[in-house]
Amino acid sequence: MKDPTPYPAINTMLTEWVEGAKRLLGKNIVGMYLSGSLAYGDFVPERSDIDLEAVVRSPLTQEELRSVEYLHREIERRCPRWAGRVECSYVPLELIGELRPPARPRPWWGFGTMYAEAPAGNEWIINHYLLSQHGIALDGPAFNELITRIEIRDVRQASARDLFQEWVPKIYDGAWLSNSHNQSYLVLNLCRILHTVTQGEPRSKKIAAQWAKAAYPQWQNLIEEAEKWAYGDEMKRQADAVAFLQFAVERVNETKLLL
């Protein structure tokens, strides 16, 4: 496999994942993909996660699921810097063509845990659109060969729904908001939602943040602090993050996209 990123340690980890999953799952593997900031070229080692997706011919059996879980645990044990920062879905091929989040859950590895039946939310269509545009095939065909065309209006609507269903409830979750990582993550995701909904094109968090600082200068300081945050830093902007969330709701409502 040609080195997919500029980071040798990450390339080694990706090679271990691809070779290990192919050894364990064999012909059940259709394709294996790298997405997120590593695919966009916006990766920040101090705070970015590693986003992966495997497409499989048929749902994983219990034995396959246990084997894959062990693989992820071993990889993160050998690569402790990235432990808890790898997210990976195992999606059956029959679900890939669905534009709406499928009712059937799929296995998902994240935060050092394998969730055997993780439900898909509004991020489903957003992530698949970005994979079709920017994803790196680590093994198998290009991702856009596996899916039907995704219209940008569907992505905008999914982003708007995500704002109300995923992020607005955080206003009332003081424990979640008190976490510095969550504050940074929320602010940068809001930048991306605002850009997607109001400008009609999904962008990486980095590009969306640059745009948001220029479009909404009153939030520049908050966005810059979110951009600079790294694991181990403390961010005490809980009230400002909530205010920015409420601001985003007002801007999205103005588009009348969900009416």
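The values are calculated or read from the model by the stated rules, or taken from the named source; none is laboratory data. Since we're looking at a predicted model, the values are computed, not measured. Glycine gets a Cβ as well: all are built from the backbone with ideal geometry, and neighbour counts include every protein chain shown. Surface areas here come from the heavy atoms of the whole protein model, side chains and all, with no ligands, DNA or RNA. Shrake-Rupley method; radii C 1.70, N 1.55, O 1.52, S 1.80 Å.
Of the residues GLU151, GLU98, GLU46, which single one is more than 24 Å from LYS205 (Cβ to Cβ), among the acidic types (Asp, Glu), surrounded by fewer than 20 Cβ atoms within 10 Å (Cβ to Cβ) and at pLDDT below 95?
Within the list GLU151, GLU98, GLU46, the selection yields GLU98.
Residue by residue, here is whether (1) surrounded by 15 or more Cβ atoms within 10 Å (Cβ to Cβ); (2) over 19 Å from TYR115 (Cβ atoms); (3) acidic (Asp, Glu); (4) touching a Phe, Trp or Tyr at 6+ places or on another chain (Cβ under 7 Å) holds:
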{"site": "LYS2", "(1), (2), (3), (4)": "no, yes, no, no"}
{"site": "ILE10", "(1), (2), (3), (4)": "yes, yes, no, no"}
{"site": "LEU14", "(1), (2), (3), (4)": "yes, yes, no, no"}
{"site": "LYS22", "(1), (2), (3), (4)": "yes, yes, no, no"}
{"site": "TYR40", "(1), (2), (3), (4)": "yes, yes, no, no"}
{"site": "GLU53", "(1), (2), (3), (4)": "yes, no, yes, yes"}
{"site": "ARG57", "(1), (2), (3), (4)": "no, yes, no, no"}
{"site": "GLU63", "(1), (2), (3), (4)": "no, no, yes, no"}
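What are the pairs, 6+ residues apart or on separate chains, where a residue within the range 49-63 that is hydroxyl-bearing (Ser, Thr, Tyr) has its Cβ under 7 Å from a residue that is assigned to a strand (DSSP E or B)?
SER58/PRO92
From the list LEU163, LEU130, LEU146, which one is over 19 Å from LEU34 (Cβ atoms), among the aliphatic types (A, V, I, L, M) and surrounded by 14 or more Cβ atoms within 10 Å (Cβ to Cβ)?
From the options LEU163, LEU130, LEU146, the qualifying one is LEU163.
Restricting to the range 184-223, count the residues that are over 23 Å from ASN253 (Cβ atoms) and open to solvent by less than 60 Å² (accessible area, probe 1.4 Å).
Of the residues in that region, 2 qualify.
Counting just the residues of the range 178-204 that are within 15 Å of TYR129 (Cα to Cα) and of a type in the set (Gly, Ala, Ser), which one comes out modelled with the highest pLDDT?
GLY200
Select, from LEU38, LEU52, LEU34, the only residue that is modelled with pLDDT under 95, within 21 Å of PRO202 (Cα to Cα) and in contact with an Asp or Glu (Cβ under 9 Å, 6 or more places away or on another chain).
Checking each option against the conditions leaves just LEU38.
Could you say which residue among LEU25, LEU71 is closer than 26 Å to ILE147 by Cα and of a type outside the set (S, T, N, Q)?
LEU25
Exactly one of (1) surrounded by fewer than 19 Cβ atoms within 10 Å (Cβ to Cβ); (2) under 29 Å from GLN238 (Cβ atoms); (3) in contact (Cβ under 8 Å) with a residue 24 or more places away in the chain; (4) not hydrophobic (A, V, I, L, M, F, W, C) is unmet by GLY140. Its number?
Condition not satisfied by GLY140: (2).
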